[in-house]
Amino acid sequence: MFLRALLRSLQSCFSSPKRTALEKYETFREVLRHDRAAHELLAEFEGVYYGKRHEEFCRIVRRYDQLSRVVGEMIESLCRLSPGAHERLRIPFQSLDSQVKAFFVPPAANAAPPYILSLHTITADTVEVGHKTRALAQLATRLHLPVPDGFAVTVNGFHHFLAENGLRERIDDLLAELDIESLEDLQTVSGRLTALIEAAPVPADLAAAIAHAFAGLSARRGRPVSAAVRSSALGEDEATSFAGQYRSVLHVGQGEILRAYKEVLASKYAPEALYYRSCHGLSDVETAMSVLVLEMIEAEASGVSLHVVRGQGEVLVSGAMAPEVFRVSREGAPVVVRQDGASLLDEQQALRLFRWGLRLEGYFGSPQDVEWSLDREAHFHVLQSRPLGRRQTAIVPGPVMAEHLAAPLLLAGGEQAAGGVACGVVYTLGPDSPLTAMPGGAVLVVRDTPPAYVKVLGRLAAVVAEQGSQACHFATVAREFGVPVLVRIPGATSSLTPGMEVTVDADNGKIYAGRVAALLAERAAGVGSGAPYCLKRLEPVMERVSFLNLLDPRARDFKPESCRSLHDIVRYAHEKAMQEMFVLSGHGLSRRGGARQLKSKLPFELFVLDIGGGLHPDAAEKRNVSPEEVRCLPLKALWRGLSHPGVVWDGRQHFDWQGYEAIVMGGGIAGPNSAALASYAVIGEDYLNINIRFGYHFTIVDAFCGGTPAENYCGLRFVGGGGEYTGRLLRVAFLARILERLGFVVERAADLLDARVIGLTGEALLSKLDLIGRLLGATRLLDMVLKDEEMVVRLADDFLAGRYDFRKQQGNGKHKPGTSP
C-alpha cells in the first residue's frame, strides 16, 4: 500500500513524455535497495568481528555469497543509472570477490579409494587419516610400543558416504542456518544433521571393505574379536584437541561394525562438536572424519598418563570418576609418589608409564597425554598419544594475598583441572534449572564434567565439580578456552547456593564469597584474553569486505581504482548514484525536474528533488529554495524538529577525520561548501525519502503521510559514525531506547538500526517526525562521548524530558578515528 501511494505521486509528476525520468528514478531506487541490503550484511559481519562472536564457518560463507551478489547487482544498477561512467567499478569488485572466495575454498574432498588402511601401513605423511591414527601407527611401527591390532576407515570413505547419499549440500544448508550461540539452535540443527547420517546407507563398496578389514582382525587373532570404534577426524588431537567431542563405540562385533561406523560419523554433528569446531574457525570439510577400529582390550585398569581408574577408561575421560593419581619426580632418580593411597598400579608399572611418557615427549617434541589400558594378563596397551593441553601455572601469592584472605572463604582444596580465576553467579542443574537456561557468565557447579558441557563453555565464567580430573576431556577443552575448572570438591553442589556471587581461584584451589577484585585484577595482569580463533581467521576477509578506505568523496583518489574493500565499492556506488540523481554531475534530470538546494540557517547542505507537490509552484524555476517554500508535509515536520530552539547547532567543533583536513566537519556535519558531502531528499506533497549525512554516519527517513491512516508509515535507518565501534553501538542503543518509547518497532545489527511505525493518523505521524528531527540533531556526536549503558539511560531520559543540548557531554569526548559504512 505504501508503494501504491508513492507511485500515485510519481505518476502525477512524470507524464508519458518523461518516461525516461521515471525509469531513471526507479533505477536510482534499485541502487538504494542494494545499498540497504549491503549495509545490513556488512553490519552482520561487523557484529561478529567487533563483537568477538563465534560463528559457524558455513554461515560466514553464505553471508558473503549474499553480499557478493548484492554488491554486484548494485554496480549493475549504477551502470544503468549512468551509462558509460562507472563500468571500471567492476574491476576492483571482481578482484576483491576472487580474493575473498579464495579464503573460503574448501579442501578437496577425495571420494576415491583407498577406503581402508591397515594401522601398520600408515605413516606420519598419510593424509587420509587423522592425527590420532597417524600417531598411534608411529607408536607401533617406529617406537615399537604395544598397540592393539587395527585399521582405519579413511576420510575418503567419509566423502564417499556423503557423495553417494547426496548429503554435502544438505549439510551445508543446515550449517548455514546454525547460530552456535543458541543452545536451542545447536540441539535442533544437530538433531537434523545426525538424522541425515543415521538414515543414509553405507555404500555397498565401502561396507564390503569395512567388513573385510574387520574379518581380518578376527582371522589374525584366530577367533572372533570385538573392537573399539573411535573417531580420528582431521584436526583432532592437533592444535585443536576435540577432546571427548566425538563418539567412541566399544565392544563392537562383526555384525555391528557398520552401525558403529555411522554412529561415529554422526557424532561429528553432536551439539558440543559443532560448537567446538565453529569456535576454532574450522569448516566442516576441513574436519572430515576418518574412523579408527582397534581390537578391544578387556581392561583391568586404564588411564591417561598417571591418572588411573579400574576397568575401562571411559569413566575417567568423561569426568564421571575421580582417578587414583601417581606422581613421579622428573628430577634425579624417579620416585613414585602415590596420592591418597593409590593402589591400582605397582611401582614398576607406574615407572614404565612414566618412561613411556618421556619417550613420547621426546619423539613428538612436546608433552603428551598418553591413554593406555592394562589387560587381565598385566600387559599394557597404548591406545592414544596426543599433545598435552596447556595448563596455566598457579600464581605465587604476593602482597595482595592479605586482601584475598579478608574475603569469606567458602571452600578450599580440590584439584586444578584448568587454571585461572573468575567471578560469577552460582548455577546448579536441576529440573527447574536446565543447562539451556543458564545465564552468561555463570559459575557452573556440578557433580561431574561430561564432554557435553563443552557446548556452553562460551557462557561460563568457571566450573566447580565434585568429580572429574585434569585428565578428563572437558578439562582439556576448558584449558583451550581459558575457563577455570576446579574439580574434586566434595559437597560443592550442596555448599554453594544458586544465585550467590563467588570468585573461583582454580590456581590455588579456593572459592571465595563475592567478588574479590584484587585477585581478579592480579590474574588479569598476567593473562591475555586474545581474540577467538574464528575471528583471527576472519581478519583477512574483513580487510577486503568491511574496512572503509574511501572517506572523502571530493578527494582525487575517490575513484574505482582506490576501492580496497566491498565497503569502499558500496560507498562509491552510493555517492555516485546520489550525484547522478540530484544533478550534481550536470547530466541528470532536466532543470525544471532537477534538484534544488534548500537554503536555511541550519549548517548543512540539502538538495531536494520534487516529484510532485513537494515545493510551492513559484519555486519551480529556482535553484535555491527556502524552508518556507516547502509544501512536503513530512519534510516540514522533520525540519521543524531539526530547527527546534533546544537543538543547538552553533559552537561547531572541528575534527581531523582520518587526516583529510580539506574537509571540515562542523559539529559533526558536512561543511556548507561541500556539495559532494551533502544530504538529499525526494519529496512529494505527502511523501519524503531523505538521506541525511552527519559526518561519518547516515540517516535515511522514508515516510508517507496522507489522509488514510492505513497507508501512513515512517521508516528510519541509522548507520555508522566517526567514533570508536563501542561508542557507535552505544549511540544505536540510545536511539533504540527513545524510538521504542515513541512506539517504533526497532531492529539492531551492530551499529545499524532500523525502526518503523505504521497506521498512524497524519497528525500523529507528523508529531513523530518532529521528534525524529530533534533526535537526529541532538545526537550527531554522541558516538564519541557515550561511555556505558548507564550514560545511555541517563541521556535518553534527558531527551524524553525535553532536554536536547548535549554539548557538555560532547565537549568532554575525545574523537578517535573510526570506520563508517
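The values are calculated or read from the model by the stated rules, or taken from the named source; none is laboratory data. Computed from a predicted structure; not experimentally measured. Neighbour counts are summed over all protein chains in view; Cβ atoms, including those assigned to glycine, are modelled from backbone coordinates with ideal geometry. All accessible areas refer to the heavy atoms of the entire protein, side chains included, with ligands and DNA or RNA removed. Shrake-Rupley method; radii C 1.70, N 1.55, O 1.52, S 1.80 Å.
Computed values, structure above
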| quantity | calculated |
| --- | --- |
| Potential extension, residue 433-residue 105 segment - 0.36 nm per residue separation minus Cα distance | 113.9 nm |
| Extension gain from residue 254 to residue 513, taking 0.36 nm per residue of separation minus the Cα-Cα distance | 87.7 nm |
| Helical mean residue ellipticity (222 nm; -39500 (n - 2.57) per DSSP H run of 4+; nearest 500) of the chain | -12000 deg cm²/dmol |
| Estimated inter-spin distance, residue 23 and residue 120, nm [label 7 Å along Cα→Cβ] | 7.9 |
| Per residue accessible area of the chain, 1.4 Å probe, in Å² | 40 |
| Label-point separation in nm, residue 618 to residue 204, each point 7 Å along Cα→Cβ | 9.1 |
| Full-stretch length increase - residue 564, residue 366 - with 0.36 nm per residue and alpha-carbon distance subtracted | 67.1 nm |
| Residue 177-residue 409 FRET efficiency (beta carbon distance; Förster radius 41 Å; 0.05 resolution) | 0.30 |
| Debye equation applied to the C-alpha atoms of the chain, log10 I(q)/I(0) at 0.06, 0.07, 0.10 Å⁻¹ | -0.52, -0.68, -1.08 |
| Antiparallel %, DSSP beta bridges [both residues in the chain], to 5 | 85 |
| Partner lysines for residue 24 [C-alpha distance under 30 Å; skip if fewer than 8 residues away on the same chain] | 559, 576, 599, 622, 636 |
| Proximal charge balance of residue 343 [Cβ under 12 Å; K/R count +1, D/E count -1] | -2 |
| Charge context of residue 124, other residues only, Cβ under 9 angstrom, K/R +1, D/E -1 | +1 |
| Label-point gap, in nm, between residue 708 and residue 351 - each point 7 angstrom along Cα→Cβ | 9.6 |
| Shape call, segment 706-810: gyration tensor on alpha carbons, a/c limit 1.5 | prolate |
| Cut-off 13 Å between beta-carbons: net charge of the residues surrounding residue 379, Lys and Arg +1, Asp and Glu -1 | -3 |
| Global geometry of segment 206-331, whether rounded, prolate or oblate, following the gyration tensor of its Cα atoms and the 1.5 cut on a/c | oblate |
